[in-house]
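Student: One structure, as structure tokens, below. Some questions next.
The values are calculated or read from the model by the stated rules, or taken from the named source; none is laboratory data. Model, not experiment: these values are computed from the prediction. A quick note on method: Cβ atoms are made from the backbone with ideal geometry, for glycine too, and the neighbour counts reach across all protein chains shown.
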Amino acid sequence: MDLPLHKKQFSAAVRPCPVCASTAEREVLYRQCFTAGPLGDGYAVAVCAACGAAFADGIPGQAELDAYYAERSKYTYAHADGAESPFDFKRFEAIADQLEPHLPSKAARILDIGCATGGLLAVLKGRGYTHVVGSDPSPACADAARRLHGIEVRTATLAEHAEWTERFDAVLLVGVLEHVREVRAAVGIAAGLLRPGGVLYGAQPDVEGFAACVNAPYQQFSTEHVNFFSTASLTRLLATAELAPVATWRWLVEWREGVTDSVVSGVFARSDAGVGAGAGAPAASACPRDVVSRGALLDYVAQSAAGEAATRQLIEELVRTQEPLLVWGAGTLTRHLLATTPLGRANLVAFVDNSPHLHGTELAGRRILAATELGGRPERILICSVVFAREIGRMIRSELRLPNPVIMLTELKNVAAGEGF
């Protein structure tokens, strides 16, 4: 019988640089660790000596990643019945603003690979684009997109697109490339889906802006992010598919209330695209070396270490008092803190999470509960999340009407009933 993903032993063989494919020496800047991570117990954050690109080394193979996103994707937004948030839609509107000047007409054929529940395609559909289609490895995402937006979404891994015979005026990869191990093959497949004159649009976290983001320490080194892009490394990567930048952007978005994320995005086309690509895509080897990722990551690691110091003090106090705690959040932050701080020695009675994939499973020997199981429990609730902290707080008070005392771990303050939410 096949083992659950979190119990499999993944190969930690040296990973070729995802951008230039070099197996030359790489410099390790940080080692991220997780307790019972769904895709392994951590990885090395490395910089390629040959081209300067940054990536995670010691990660699962592409087949394991594909299985994870098909079976356990958090982008189904099950806690919200599949609906993406207003913050997501604000970001989608900004993406549509960047993309629209590079589309030939409202009849343009648009494919969004890794579309989750179809929010970006819904925005484009609302702007009058009549031929929009999505793909996602998660069947639940495809079902939600059809139900919520009336949009066709096909269930497929990125590699499976190589068999498609359709061609598109625009192929979108939004929040995708940072998740893919075999990323050179991925952009080659995506580029092969373009019609003559078509464009590829990509958007992913911007390594150069990590230190400017308001989020939990080390959150950019999540359980799922295995590539860390700058404009230079993204451009070099797309050059391997003979695509050159038409326009690029670096921007900061409000990911959730009070939480920000950095984005590097761009429109890329072949030399025959007729949309301003100039003399065409240079050979990847002719692209300038990435000289920003290493320094940006070192700044981010230093900032994260300083930010986590106060969190560690609070955790040590919780260990000292041995007060019974329910920990709300079983994602990247919690698993990182369990592996790197004394959190596991606190009196953790159980974990709570909104993801139905986790309910009834265990983390660090404690059960992971659904929010609906908390009624009548007396323990203090430790919110171990930044991205969803205020949403969780309001859920505790306004929806579940729980009287339990609450600690906002990442804000380092106790919260009385209703305060701070």
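Yes or no, residue by residue, for (1) among the polar types (S, T, N, Q); (2) under 17 Å from R184 (Cα atoms); (3) outside the structural domain of E178 (by TED's automatic domain parsing); (4) surrounded by 21 or more Cβ atoms within 10 Å (Cβ to Cβ):
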site	(1), (2), (3), (4)
A21	no, yes, yes, no
R26	no, no, yes, yes
F34	no, no, yes, yes
D41	no, no, yes, no
V45	no, no, yes, yes
A49	no, no, yes, no
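Student: Same structure, new question: V199 - would you say it is in a strand (DSSP E or B), touching a helix residue (DSSP H, G or I) at 6+ places or on another chain (Cβ under 7 Å) and either in contact (Cβ under 8 Å) with a residue 60 or more places away in the chain or on the phi > 0 side of the Ramachandran plot (or both)?
Tutor: yes
Student: Among the listed residues E323, E317, which satisfies the condition of being surrounded by fewer than 18 Cβ atoms within 10 Å (Cβ to Cβ) and touching a residue at least 24 places away in the same chain (Cβ under 8 Å)?
Tutor: Checking each option against the conditions leaves just E323.
Table: residues versus (1) surrounded by fewer than 17 Cβ atoms within 10 Å (Cβ to Cβ); (2) of a type in the set (F, W, Y); (3) modelled with pLDDT under 95; (4) not in a strand (DSSP E or B).
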position: L238; (1), (2), (3), (4): no, no, no, yes
position: A241; (1), (2), (3), (4): no, no, no, yes
position: W249; (1), (2), (3), (4): yes, yes, no, no
position: V264; (1), (2), (3), (4): no, no, no, no
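Student: Return yes or no: is A116 at pLDDT 95 or above and in contact with a strand residue (DSSP E or B) (Cβ under 7 Å, 6 or more places away or on another chain)?
Tutor: No, not satisfied.
Student: Follow-up question, since we're still on this one. From the set of residues in the stretch 103-124 that are touching a residue at least 60 places away in the same chain (Cβ under 8 Å) and not hydrophobic (A, V, I, L, M, F, W, C), which is surrounded by the most Cβ atoms within 10 Å (Cβ to Cβ)?
Tutor: Filtering first and then ranking leaves D112.
Student: Same structure, new question: Quick check on my filter: what residues within the stretch 182-196 are under 21 Å from A232 (Cβ atoms) and either in contact with an Asp or Glu (Cβ under 8 Å, 6 or more places away or on another chain) or free of Cβ contacts under 8 Å to residues at least 24 places away in the same chain (or both)?
Tutor: Passing the criteria: only A191.
Student: How many residues, within the stretch 93-144, are under 25 Å from T155 (Cβ atoms) and part of a helix (DSSP H, G or I)?
Tutor: Here the count works out to 17.
Student: Evaluate the stretch 395-402: report whether one residue or more is under 29 Å from A140 (Cβ atoms), buried (at least 22 other Cβ atoms within 10 Å of the Cβ) and either at pLDDT below 95 or not hydroxyl-bearing (S, T, Y) (or both).
Tutor: Within the stretch 395-402 (the criterion being under 29 Å from A140 (Cβ atoms), buried (at least 22 other Cβ atoms within 10 Å of the Cβ) and either at pLDDT below 95 or not hydroxyl-bearing (S, T, Y) (or both)), the answer is yes, since at least one residue qualifies.
Student: Now for a different question. Of (1) crowded, with 17+ Cβ neighbours inside 10 Å; (2) within 23 Å of H225 (Cα to Cα); (3) at pLDDT below 95, P356 satisfies all except one. Which?
Tutor: Of (1) crowded, with 17+ Cβ neighbours inside 10 Å; (2) within 23 Å of H225 (Cα to Cα); (3) at pLDDT below 95, only one is false for P356: (1).
Student: Additional query: Among V207, V133, V199, which is the only one that is over 30 Å from D299 (Cβ atoms), buried (at least 21 other Cβ atoms within 10 Å of the Cβ) and modelled with pLDDT of 95 or more?
Tutor: V199 is the lone residue from the list that is over 30 Å from D299 (Cβ atoms), buried (at least 21 other Cβ atoms within 10 Å of the Cβ) and modelled with pLDDT of 95 or more.
Student: With respect to R256, is the statement that it is surrounded by fewer than 21 Cβ atoms within 10 Å (Cβ to Cβ), under 26 Å from Q62 (Cα atoms) and not assigned by TED's automatic domain parsing to the domain that holds S22 true?
Tutor: no
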